[in-house]
Structures are given as structure tokens and as C-alpha cells.
Amino acid sequence: MQFLFESLIELITQTSTNLPPDVRQAMQGALGAETPNTQASQALNIIASNIDMAAGDEGPICQDTGMPTFMVHTPVGVSQIAIRKAIREAVAEATKRGKLRPNSVDSLTGKNSGNNLGAETPVIHFDQWEQDQIEVKLVLKGGGCENKNIQYSLPCELEHLGKAGRNLEGVHKCILHAVWQAQGQGCAPGALGVCIGSDRGHGYALAKKQLFRTLDDVNPNPELAQLEASIMEEANRLGIGSMGFGGKVSLIGCKITAANRLPASFFVSVAYDCWAFRRLGIRLDAASGAITQWLYRDPSRPVAKMASGSGFPLSGREIILRPPISEEQIRALKVGDVVLITGECYTGRDAVHAHLVKNPLPEGVDLRGAVLYHCGPVMLNHNGVWSVKAAGPTTSSREEPYQADIIKNFGVRAVIGKGGMGKKTLAALQEHGAVYLNAIGGAAQYYARAIDKVLGVSLLDFGIPEAMWHLHVHDFVAIVTMDAHGNSLHANVEKETGKQLEQFQTI
Ligand code: SF4
């Protein structure tokens, strides 16, 4: 199969950089449905531009290219061993080319393998079938939305919804709760794959498999089709909105399957995927490995541009921040303000935060008045020079145990991330004069273009995503969602959407 390797590289590249038409259509619908000039519509405009930029430049749509998960069907007689080897080689090569972020971390040592290969990564599922061709499907689902997957064991008590029993009504409540608990942290608007039944492990696998259905298909089981339609309608009444900013579109798809269960168990497993729903597939000639057909694409329909404008139309009311930022400037900001940052900033995510609560700053790093960006970028090094390939925000709530201490100890004035943070951080913002700025999750190409220069890197032994990158940014757009006066947009939206959820206590 002389073309197999190149075919797989093309599949990985296209999946990482070019959203399929059904997802584009759903996101176009979201753009049209959202109220103009709201924070949610601003987020959707940036997302639309980002989708165009990624496809135009073949750059990753989101910097978190997730756990590559392949579903392969082979005719009888085709070597699955050879296909597995080719997939692993293609994954390593696509990582080298900056189409995938190095995402495979040894769970015992914490060491990043650097090439996306490691124990059980990538994930590859094989099935035989009676057709002549090989089929390879791929989904790239990042950590932010993966962390919002949830599994319920019925019967249970659900916040705002009360008792969920061992029946379809109980299942219905669990699925609505799954949307609510994700808020903006999984980069809403999201899509759900759901499995009713099975056991814990297989239930999750079947839920994820539902993500290989197109968003606009109709479930062949009328009862499940009805449930999918109801969830879509009801979830979009909750008011979570894009990025959890509040708004009309919280969900772009809901795909449900049912599997038999043990008499004693009744699980509902939910795989939450973000708007950056990267899923494609190819059919291959079994002799040569050449691509004969793309799945999820319609060759007769050209891919239309998503954005009608420039991503984030400036109103003139944006507030310019140039680090180092003073306490006075920070205390003047309020939730809802839009800021444009120009100057130096540092990235820092899980490993950096855990390190800084026990260690001094790396040599040459000064965080007084600084901007700390929760971001694990895709970076390439050519002849000793680093360049940024993708650089959107990561989910900030993971840093909640550390953030308050880091703000206090090092004098950070602004934290950029997505999804918001908790009460401890909110109190630290108020006490020490700092703000939380929400960038648009998944907009990795959009934000990569706001980075003029890589000024340096510290703690590179943590791996590329976890290192502390020293960057110079220009007109980096973000929205104040937690201010130094004790206000949090995230807490407000969670409270208000919780009230909305209560209307479904009896379905
Ligand atoms: S869009 Fe958000 S949730 Fe999805 S992979 Fe990117 S950062 Fe993670």
C-alpha cells in the first residue's frame, strides 16, 4: 500500500484544520440565531474567522488537537498490523509538521513523548467488514471538552432537576444536566454523543462513537429521534450560549444510542464535544492505500467561507492594556469590558502553576503587572527559531487550586483563559487587584495571529504545551468576565441557567 502513509497524513491534516460541512452548517445556524452585538455573538464571529483562517492556512483549528481516535474498517485479508503501523507513523509525522500538538503524556512520569505516540496513544479501533475498501475515520477531541464528559448511574439526584429515575424521563434529565454542567468550559456551543445503557467502559466508547454521525442526520429509532429533537430544543432554552457567555445557542448536536445493560446497572454516558468538532473520514483502495472518497464531505458543494466580517469588529470602546499593568488600570475594569492587549505576556498552564506554587520564577521572568495566558500552544522550531502555529486559551478551572497564590506571590494583574474560574480566584482578584479575561476557546489561529514574536521559553522540559512561553502580542482581544470588584459573569450565567434547568424537573 504505497499511498497509505500519505493518505493518512492528509486525513489527519484535513481533520485538524478544516471543519466538515455539517459542523460548518450548524455553526452558521448558531451565528444567524444569536442576538447581534452580544458577547456570545462576538465569540461566534471570532470562531467563524478562526474556522476560515485554519482552512486557508492548513493550521490547527484549535491548539488542542486532542487524543487522535481512529475507527478503521478493513476487508478480510488486509493486514491490520500494517495499518496500525502506518497510522502511528502518520501521527508522528503530522505532529512534526505542526498539524497535531504533542499531546501524549506518560501518566506515571508526566513526560510528554513529543510525537503523540505512547502507551495506548493514538487510540485505534479496528473492525472487519464485507466491503472491498478500507475505511478510516478520525475524531480529534481536545481535553477541555473531554473533561466535561459525564456518566450518570440511575437512579440519581441531579442539581436543579431532582430525582432522575430508571426510565426515559430520567435519561432525559441526565442529558440536559450534562449540557448545563459543561457551561462554557467545553467551548460551547457543543455537541453530545450519548449512550443509554451498556457498562461503564463500553458506554463511554459507544457515546463517543455517536460523534461519528453527522449533526444533521435523523436517528432511525423514532423514540431516540424524538429524544434528540427535544434535547436540542430544550438545551438551547437554557441560555448558556457560546463560551458560556449567556446566549441562545448552547448545543449544535445531540446523537443518542441505546445498548443493553445489566439488570443492576443503568448508566447514561455522555461524550461532550466542543464547537471545534473535528471529524472526517476516508475510503482507501485496499491494494494501494490511495484515497478513493472523502466521508462527511460533498464534492459537489464547495466549502463556503464562515465569516462575513473581520472576526471582531472594533467599536472604539475597547480598553487598551499594555503590560506591565497598574492596579489602578485593573480596578477600573468591569465585567463586560473588551480589552486589547499589546505587549509582553507569559503562558502558563497546569505544570507551570503546580511548579510556581513551590518554586521561584524561572530566571528572567518577572510577573509583576504581567498577563498570564492559560495556553498550551502548538510551536515549531526551525533552525533554533520558534514560531507559533496555534495558540487559543485552555480551560482555566484546572488552575483554580493555584491561581490565587500565584496572583498574590508574583503580582500578576491579568489572567487570560476560558471558561472562568472559581470563588478562590475571584476573591484573590478583588484582594490583590487583578482581572480574569476570557479569550475565545478554540480560536487558535485567530490568536496565533495576535502573537508578533516569541521572546523566549522557560521550563521547556515540561513539554511544548506545558512550557512557559514568553510572547509579544498585538491587539489581543479578550473580554473581562471576572473583575476586581467581586463580579463574575460565569457565576451569574451558571446561576441563571440553573434556574432555567428547574423548569424540566417534570418532563
Ligand atoms: S475548542 Fe475548546 S474544548 Fe475544544 S479542543 Fe479546543 S480548547 Fe478544547
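Values quoted throughout were computed directly from the atomic coordinates according to the rules given, and no laboratory measurement underlies them. This structure is a prediction, so every number in the text was calculated from the model and none was measured. When we count neighbours, we look across all protein chains shown, and the Cβ atoms used for this are built from the backbone with ideal geometry, even at glycine.
In this model, which of 85/111; 96/358; 141/499; 334/358; 424/495; 209/389 are farther than 25 Å apart at the alpha-carbon?
In this structure, 96/358; 141/499; 334/358; 209/389 lie more than 25 Å apart at Cα.
Say each of residue 507 and residue 166 gets a label point 7 Å from the Cα, pointing the same way as Cα to Cβ; how far apart are those two points in nm?
1.8
With N set to the number of residues, divide the alpha-carbon radius of gyration of the chain by 2.2 N^0.38 Å and report two decimals.
0.96
What does the charge dipole of the stretch 1-154 about its Cα centre add up to, to the nearest 20 debye, if the Cβ of each Lys and Arg holds +1 and the Cβ of each Asp and Glu holds -1?
Here the stretch 1-154 has a charge dipole of around 440 debye.
Given R₀ = 35 Å, FRET efficiency for residue 431-residue 455 by Cβ-Cβ distance, to 0.05?
Given R0 = 35 Å and the Cβ-Cβ separation, E is 0.70.
Let me know the charge dipole size of the chain about its Cα centre in debye, to the nearest 20, where only the beta-carbon of Lys, Arg (+1) and Asp, Glu (-1) is charged.
For this selection, approximately 200 debye.
Given charges of +1 on the Cβ of Lys and Arg and -1 on the Cβ of Asp and Glu, with all other atoms neutral, how large is the dipole of the stretch 139-241 about its Cα centre, in debye to the nearest 20?
With Lys and Arg at +1 and Asp and Glu at -1, about 300 debye.
For residue 319 and residue 80, what is the calculated FRET efficiency with R₀ set at 45 Å and r taken between the beta-carbons, to the nearest 0.05?
Efficiency for this residue pair is about 0.20.
I need the peptides 175-188, 456-469 ranked by packing, meaning the mean over residues of other C-beta atoms within 10 angstrom, with the highest value on top.
175-188, 456-469
Which of 80, 112, 94 sits farthest toward the positive end of the charge dipole of the stretch 74-119, with +1 on the Cβ of Lys and Arg and -1 on the Cβ of Asp and Glu?
94
Where the centre of each part is set by its Cα atoms, how far does the stretch 101-153 sit from the stretch 156-183, in angstrom?
28
Restricting to the chain, what percent of DSSP beta bridges are antiparallel, rounded to 5?
Looking only at bridges with both residues in the chain, the antiparallel portion is about 65 percent.
Which of 446, 152, 373 has the fewest other C-beta atoms within 10 Å, and how do the rest follow up to the most?
152, 446, 373
What's the longest bit of the chain with no exposed trypsin sites (Lys or Arg not before Pro), using DSSP loop states and at most 10 other Cβ atoms within 10 Å as the test?
With trypsin sites (Lys or Arg not before Pro) excluded where exposed in loops, the chain gives 1-316 as its longest stretch.
For 35, 15, 109, 121, what ranking results if the residue with the fewest other Cβ atoms within 10 Å of its Cβ goes first?
Ordered from fewest to most neighbouring Cβ atoms within 10 Å, 35, 15, 109, 121 come out as 109, 35, 121, 15.
For the chain, what does the helix formula give at 222 nm: sum of -39500 (n - 2.57) over DSSP H segments with n ≥ 4, over the residue count, nearest 500 deg cm²/dmol?
After summing the helix terms and dividing by residue count, I get -9500 deg cm²/dmol.
Over the stretch 299-373, calculate the relative contact order: mean separation of alpha carbon pairs under 8 Å at least 6 apart, over the residue count, as a percent.
Contact order relative to length: 36 percent.
First check a/c for the stretch 147-230, with a ≥ b ≥ c the square roots of the eigenvalues of its C-alpha gyration tensor; if it is under 1.5, answer rounded, and if not, answer prolate when a/b is larger than b/c or oblate otherwise.
Since a/c stays below 1.5, the shape of the stretch 147-230 is classed as rounded.
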